[in-house]
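Report on one structure; see the data block that follows.
What follows draws every value from the coordinates through simple rules; no lab data is involved. Predicted, not measured: the structure shown is a model, and the values here were computed from it. Here the Cβ is made from the backbone with ideal geometry for all residues, glycine too, and neighbour counts use every protein chain on show.
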Amino acid sequence: MIFTKHSNAFRWIIVIASFAIVSLILWKTYEFFQHFKDEERTKMENWSFAQSDLLKTDNLDGNIGELSLKVITSNKTTPMIKANTDGSFDFNNIDESKVKDSAYIQKLILKFKTENTPIEVKIDGTLYSTIYYGNSPLLNKLVYYPFALILIVVLFGAVIFFFYSSSKNATQNKLWSGMAKETAHQIGTPLSSLIGWTEILKIENVNPDYIVEIEKDVDRLKTITERFSKIGSIPVLENVDIIKETIESYDYLKTRSSKLIDFDIITPEGEIPVNLNKQLYSWTIENLVKNAIDAMKGRGKLTVEISQLENDVKISVTDTGKGLSKKDFNKIFEPGFTTKKRGWGLGLSLTKRIIEDFHNGKIKVLQSEKDKGSTIQISLKRAN
């Protein structure tokens, strides 16, 4: 309970602590890099002193000491170019196949100068040569270590984020399913009573027209109960004609909507088989049509059009309402988003869930223009 209450604070503490640890590691890596670089500098300075001893020995026609010889021959990794005052060059740990290319050598010298300050070899104040040296292979690899560390941290953060998002979505889905099942259960109890009362009214010789209308509303309640029951679990899909299912939902809404709305439906000839859950699909069409009617404030033209491509079926609902700004094209499918004064903003988010999660389809705002209307399009796969 305490953890749940302060979970946000704990998350921030973990984030700050992780940032501090990563910063400390990066700083220590930088210090190690600089220390290693200083050691290489000292090694190259010792090498230059050994060169000075060698030159002095040559001048005095003596023998070079073992220490100086060992220092000179010990450099097996650091690339180096020794530019002599007479214009000649000596190389160490440089590709022998390229040392004759003067342009390559000059380019390498410029590169070494940017990596390390050149070392001058002098004897009694007279310049004999200049040593240009680059970073050793190990030092070059260490340069990329901080970037690799940052990449690892970013990937680790991404894994945590996706895990948290997935966990949160799973919890939301579980809550949504639980609410849907509970709603279906709560509606089911009075619905059973209504069915019983309808049978009693038949026996009592009540006007049959009244009973027919009551039965229609009872059937409607049955459909709503089935919808909530199915959205609370994995729905079963059937191979059905999407044109027939769309027309049935369209006709039902048309007869119960304002006479000031000009309804139109455009469909191709023949049948188009699609794997659907009929109750949930009719709920989708109902939500889209009702939203279109609300956008037109009960007056305008509403068109439902079905078209087919080779493997896809497109269902478009077009209205002549107030339209949407482009920034709201995706927002309208988010739970809680609404442009109405009254409403929960769940209709289109529910529609998106039905189409994309249960039918593996797509839904989007195809086009919209302020004060001219909108078109929302559903894409579904044809059944084989």
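At R0 = 22 Å, how high is the FRET efficiency between TYR128 and ASN93 if r is their beta carbon distance? Nearest 0.05 is fine. Mind dumping the intermediate values first?
Details: r = 21 Å, r/R0 = 0.96.
Plugging the Cβ-Cβ distance into 1/(1 + (r/R0)^6) gives 0.55.
Counting only residues 5 or more places away or on other chains, whose amide H sits under 5 Å from the amide H of ASN277 once H atoms are built in the peptide plane?
Close amide H contacts, sequence-distant or interchain: GLU238.
Quick check on my link table: of LYS244/LYS370; LYS301/LYS364; LYS259/LYS327; LYS28/LYS107; LYS297/LYS331, which ones sit more than 30 Å apart, alpha carbon to alpha carbon? Can you show the working numbers first?
Working: LYS244/LYS370 33 Å; LYS301/LYS364 20 Å; LYS259/LYS327 33 Å; LYS28/LYS107 33 Å; LYS297/LYS331 21 Å.
Pairs exceeding 30 Å: LYS244/LYS370; LYS259/LYS327; LYS28/LYS107.
Using the Kirkwood radius built from alpha carbon pairs, what does the Stokes-Einstein equation give as D for the stretch 98-154 at 4 °C and 1.567 mPa s, in µm² per second?
Numbers: Rh = 14.0 Å.
Roughly 93 µm²/s, to the nearest whole number.
Could you rank the peptides 205-212, 277-284, 34-41 by their average count of other C-beta atoms within 10 Å per residue, with the highest value first?
Numbers: 205-212: 10.2, 277-284: 22.2, 34-41: 13.2.
Output ranking for 205-212, 277-284, 34-41: 277-284, 34-41, 205-212.
Amide H to amide H under 5 Å from LYS301: which residues, 5+ apart in sequence or cross-chain, H placed 1.01 Å off N in plane?
Distant-sequence amide H within range of LYS301: ASP262, THR320.
Taking amide H atoms as placed 1.01 Å from N in the peptide plane, list the residues 5 or more away in sequence, or in a different chain, whose amide H sits under 5 Å from that of VAL121.
Long-range HN contacts for VAL121: TYR128, SER129, THR130, ILE131.
Do any GluC sites (Glu not before Pro) in the stretch 257-317 lie in a loop, going by DSSP, with at most 10 other beta-carbon atoms within 10 Å of their beta carbon, and if so which? Walk me through the numbers on the way to the answer.
On the way: sites: GLU269, GLU271, GLU286, GLU305, GLU310; in loops: GLU269, GLU271, GLU310.
Taking the stretch 257-317 and a limit of 10 other Cβ atoms within 10 Å, the loop GluC sites (Glu not before Pro) found are GLU269, GLU310.
If packing is taken as the mean number of other Cβ atoms within 10 Å per residue, what is the order of 349-356, 150-157, 365-372, 291-298, highest first? Could you put the intermediate results ahead of the total?
Values: 349-356: 20.2, 150-157: 12.0, 365-372: 14.6, 291-298: 18.5.
Descending mean neighbour count gives 349-356, 291-298, 365-372, 150-157.
Below 8 Å, C-alpha to C-alpha, sequence gap of six or more: please give me the relative contact order for the stretch 237-381 in percent.
Numbers: 267 pairs, mean separation 33.5, N = 145.
Relative CO of the stretch 237-381 lands at 23 percent.
For the stretch 16-31, just list the computed ³J(HN,Hα) in residue order, Karplus coefficients 6.51, -1.76 and 1.60, θ = phi - 60°, integers in Hz, with x standing in for Gly and Pro.
Here the 3J(HN,Hα) series is 5, 4, 4, 4, 5, 5, 4, 4, 5, 4, 5, 5, 5, 5, 4, 4 Hz.
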